[in-house]
Amino acid sequence: MPAAYPLPTDLSPTTVANTASLLRIIALALISSAAIASRLFAVINFESIIHEFDPWFNYRATRVLASKGFYEFWNWFDPTAWYPLGRVVGGTIYPGLMATSGVIYNILHALNLPVDIRNICVLLAPGFSAFTAWATYMFTKEMKDESAGLLAAAFIGIVPGYISRSVAGSYDNEAIAIFLLMFTFFAWIKALKQGSAFWGTIAAVFYFYMVAAWGGYAFITNMIPLHVLVLMLMGRFTSRLYVAYSSWYAIGTLASMQVPFVGFQPVRTSEHMAALGVFGLLQIVAFGQLVRAHVSSKQFQGLLFAAVVFTGAIGFFGIVGLTYKGWIAPWTGRFYSLWDTGYAKKYIPIIASVSEHQPTAWPSFFMDLHFLIFLFPAGVVMCFRTLRDEHIFVIIYAVVASYFAGVMVRLMLTLTPVVCVSAAVALSSLMDAYLDPTEPEVEDEKKESSTPASVVAKSSTSTTTPATPATGKKSKKSKDKETSAPAGGVLGELVSNVASSAVAANSAAPTQKGIFGLDTRVVVLLNTIGMLLFFVVHCTWVTSNAYSSPSVVLSSTNSDGSQHIIDDFREAYYWLRQNTAEDAVVMSWWDYGYQIAGMADRPTLVDNNTWNNTHIATVGKAMSSPEEIAYPILRKHDVSYVLVIFGGLIGYSGDDINKFLWMVRIAQGVWPDEIQEPNYFNRGEYRVDSEASPAMRDCLMYKMSYYRFAELFGSQQAVDRVRGQQVPAQGPTLDYLDEAFTSENWIVRIYEVKKDDVLGRDLKIANAFDQGKKRKRTKPTSRRKAISA
Amino acid sequence: MAGPKSSSKSSSASSETSAAIATLWKSYLDETPDRLKFIDAFLSFIVLSGVLQFAYCVLVTNYPFNAFLAGFASSVGQFVLTASLRAQVNPENRSEFKDVSPERAFADFALGSIVLHFFVFNFLG
């Protein structure tokens, strides 16, 4: 066989194999360190701090676990959350994340490494991203080979779609869940390939870990049965399939019920019924196979008919009856919103109000996946070309995850692994074709054997071979096609030659494919390397700029380019911690509940675990009502302080005024008579300036946000920088609340709820009386001034 | 699952079906190795125990629901693990399970059962 470039021939196969495996290990180690390193931007740019909202609760729970032990954590009742209801934390969380950190903490301390629990929490996600890279390597290895695995590992290590949820400090369930997802899928593929109950059990155990770690486990619960169902419908039922699925389902389902938060759901809710149904179907099919082995086909058809009719009727009436009697709960709201994107907005505003439940914008696909999104379809097509059982899994995964990623932003996370896997398969096929040194010059060999047909082949060879370098540049554009096309297939201009040479090649060796010449390879490979380099640059840029902000600490750039840290949140939370009574209840919108509990250590009315819609609506009502109506609500809930986020001064757009309409909508869902969304608009426009609607101007949220805001600007016109509107110079007045604290950049404003008036008057009257006295005292002076002037 | 299935077929009676069942039974007795018959005996015992538990749950009470689930899941789980073992050691399936020798199959079976019963025990309450 002629080669495009020489290969050393004096190497023994064992040396090659050993070197290859050593190189693989080194590559995986480097990928892991790259994955960890690129997640540390947040720590370097800011500090080792827990990010965002939910992580603050996870961190707080982990601290309890680390300091008091697992049993205390399991039975932990948190009286400060959802004041006055409290929260049974042990039974309402997925404990996998905290348990993982707790175990790591205890191991490190047993080794006399006194690492702070906060640093473990901050660095858990980067650490697990290295495991994810490894799991993806193993998974992709099952799809194609080791080199595709390494590419996939490198992709998942640095792809922004996954980094967005796993930077250092983003201590959330997803941090470990993606590793568990990939490893469960890998174990499943392995179990299916080998027909091994061992791997089925491994898959079940990791499924259990996944259930304990993330609510997204339902994705696995439905992906694997779907895969099995498709395989069965394609007539690919095998005993291996039976072994793998049965062992996974029987152990995995029982294991998943050990998590208190999941409880009996696997046998009670519709989300889990698909897995159960496929399990039952598989048993029937397996039994059918057994019967078929023992009877003639005609008799079998009779038996099959009777059995199908009987079991079908039983199963149908069983499911209908159980649902009717309320044994199987119907789909939950979050699930409906996956199918009907408008559903949540209509019926459950609390779900729609979360920004990560919004549909995905198209640019974010490119932003999160860069060139992988172009390779992704190519990889899926390559899966169709081989189409073993495991490739069907990737295809189904790709289709399902693409749909879900389009529906909800946060589900981009489940799409990312399959994009990395199939892009790696596509890219590695390309590299395989172009790195392979053998050249397909079958015609030459044939010429030597001197058959009459070789005369035609010879003539075509002589035209084809010199033409290849000239068209090398063209071939790079259609490189995906080229890998599958026969050797001469890309030479567009030489159609006639192609036809004759293809005929000749087909007659000689129909499977012969390959690339001619060194320059073709170099051009294509340089292009590929260029794409990979751009990918790395893009990933690093996106990670450092978009995904590494803790959102607890903000930063802006000064005019000289230096970084300016805006630390209003912590300033305000520490003010609360140090200046208020320990049992002072703080009311805020639910977004800040976990942060207040974590940083200020004060009881909150509502927090990010949005389980009680009415309670949240109560807060929404208080915020969107006039003071007189809000005050009794505040007093009934023992609220001492009200906290609002206001970005109007420095242009922080994620503030409460921008979230305010959701408060109104959620409150309207519970009190449709008292709160109506249209009242907060002025002729269909959401305004905060002098044109604001009366309901808007009177509501507590508006008053607290803009209280004394205009004074800050002195004689100039006060401008809200987020909304870009001019705020009236005569700001709102407060009768029932007192400004207690406003942070440096006015992002956090805290108001103290006034106690009842000592004389028993209404606070408004008392306030008016106080001001009235002042006015009496000042009025004569001003009048005198006017006269004298 | 084997038990109720064969009885279900006889209930949808026709003379042809019953003849087919007779053939099936005879063929089973003749062609199955003794080892597999032994496994099948265990399987039918598990089915019996599962059916009993289910009948108890439906007819009497499901009160400690976790205990019922644990018991029933142990029946179902043990059944499928044993059925998997049966499929793996079946000489007819030799070509399908290239990576799983009968010894390996038994080790898998033992491991799966241990993990299963660990969870069963934990869930009994």
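Using a 1.4 Å probe over the heavy atoms of the protein chains, calculate the carbon and sulfur portion of the accessible area of segment B:34-124 as a whole percent.
Working: 3500 of 4870 Å².
In segment B:34-124, the share of accessible area belonging to carbon and sulfur is 72 percent.
What FRET efficiency comes out for the pair A:ARG721/A:ARG683, r = Cβ-Cβ distance, R0 = 25 Å, nearest 0.05?
0.60
Show the residues, 5+ positions off or on another chain, whose built amide H is closer than 5 Å to the amide H of A:ALA718.
So A:ALA718 has HN proximity to A:VAL727.
Keeping every protein chain in place, order A:LYS298, A:LYS190 by accessible area at 1.4 Å, biggest value first, i.e. largest first. Write out the running numbers ahead of the final one.
Working: A:LYS298 150, A:LYS190 45 Å².
The residues order as A:LYS298, A:LYS190, largest area first.
How compact and how long is segment B:80-125, expressed as Rg and Dmax of its alpha-carbon atoms in Å?
In Å, with Rg to one decimal and Dmax whole: 12.8, 43.
Binning every alpha carbon pair distance of segment B:34-124 at 5 Å from zero, what are the percents per bin?
Each 5 Å bin holds this share of Cα pairs: 3, 14, 20, 20, 16, 11, 8, 5, 2, 0.
Rg to Rh for segment A:568-755: what is it, with Cα atoms only and Rh by Kirkwood?
For segment A:568-755, the value is 0.94.
I want to verify the translational diffusion coefficient of the protein assembly as shown in µm²/s; compute it with Stokes-Einstein, Rh as the Kirkwood radius over Cα pairs, at 4 °C and 1.567 mPa s.
40 µm²/s
Can you pull out the chymotrypsin sites (Phe, Trp or Tyr not before Pro) in segment A:562-653 that DSSP calls coil and that have at most 15 other Cβ atoms within 10 Å? Display every interim value, and only then the final one.
On the way: sites: A:PHE569, A:TYR573, A:TYR574, A:TRP575, A:TRP589, A:TRP590, A:TYR592, A:TYR594, A:TRP611, A:TYR641, A:PHE646, A:TYR652; in loops: A:TRP589, A:TRP611, A:PHE646, A:TYR652.
Those that pass, being in a loop and sparsely packed, are A:TRP611.
Suppose every Lys and Arg Cβ carries +1 and every Asp and Glu Cβ carries -1, with no other charges. What dipole size does segment B:34-124 come out with about its Cα centre, to the nearest 20 debye?
So the magnitude is around 60 debye.
Which value, in square angstrom to the nearest 100, describes the accessible area buried between chains B and A on both sides, using a 1.4 angstrom probe? Intermediate results must be reported in sequence, preceding the final value.
Numbers: alone 8790 and 36700 Å², together 41690 Å².
Protein heavy atoms only, the B-A interface buries about 3800 Å².
Quick one: how many Å² of A:VAL291 are accessible to a 1.4 Å probe, rounded to 10?
A:VAL291 exposes around 10 Å² with every protein chain in place.
Mind pulling the per residue volume of the convex hull built on the Cα atoms of segment A:687-750? Å³ is fine.
Convex hull of Cα atoms, per residue: 89 Å³.
FRET efficiency for A:PHE769 and A:SER562, Cβ-Cβ distance as r, R0 = 56 Å, nearest 0.05?
0.60
Can you give the accessible area per residue of segment A:545-691, in Å², using a 1.4 Å probe?
Ligands and nucleic acids excluded, the figure is 38 Å² per residue.
Just counting partner chain Cβ atoms within 10 Å, what average do the residues of peptide A:256-268 show around their Cβ?
Taking all residues of A:256-268 together, the mean is 2.
Kindly report the accessible area of segment A:15-426 per residue (heavy atoms of protein chains, probe 1.4 Å, no ligands, DNA or RNA), in Å².
38 Å²
Treating only the Cβ of Lys, Arg, Asp and Glu as charged (+1, +1, -1, -1), what charge dipole size does the protein assembly as shown show about its Cα centre? Round to the nearest 20 debye.
1360 debye
So what is the orientation-averaged projected area of segment A:647-742, using the convex hull of its C-alpha atoms, in nm²?
Details: hull surface 26.3 nm².
Value for segment A:647-742: 6.6 nm².
For A:VAL103 and A:LEU304, what does the FRET efficiency come to when R0 = 51 Å and r is the distance between their Cβ atoms, rounded to the nearest 0.05?
0.50
Once you put a point 7 Å from the Cα of A:ASP145 and another 7 Å from the Cα of A:GLU752, both along the Cβ direction, what distance in nm separates them?
7.4 nm
May I ask which residue of A:VAL425, A:ALA168, A:VAL381 lies farthest towards the positive end of the charge dipole of segment A:15-426, with charges of +1 (Lys, Arg) and -1 (Asp, Glu) on Cβ and the Cα centre as origin?
Farthest towards the positive end: A:VAL381.
Percent of accessible area on segment A:350-416 owned by carbon and sulfur, 1.4 Å probe?
Whole-percent figure for carbon plus sulfur exposure: 75.
Could you list the square roots of 5 times each eigenvalue of the Cα gyration tensor of segment A:15-426, that is, the equivalent ellipsoid semi-axes, sorted largest first and rounded to whole Å?
For segment A:15-426, the semi-axes come out at 36, 28, 21 Å.
With the crude spin-label approximation of a point 7 Å out along Cα→Cβ, what separation in nm comes out for A:VAL670 versus B:LEU111?
5.1 nm
Which GluC sites (Glu not before Pro) from segment A:39-84 combine a DSSP loop assignment with at most 13 other Cβ atoms within 10 Å?
A:GLU47
The values are calculated or read from the model by the stated rules, or taken from the named source; none is laboratory data. Keep in mind that what you see is a predicted model, and the values were worked out from it rather than measured. Note that each Cβ is placed from the backbone with ideal geometry, even for glycine, and that neighbours are counted across all protein chains shown. Areas reflect the complete protein model, heavy atoms only, side chains present, ligands, DNA and RNA absent. Shrake-Rupley method; radii C 1.70, N 1.55, O 1.52, S 1.80 Å.
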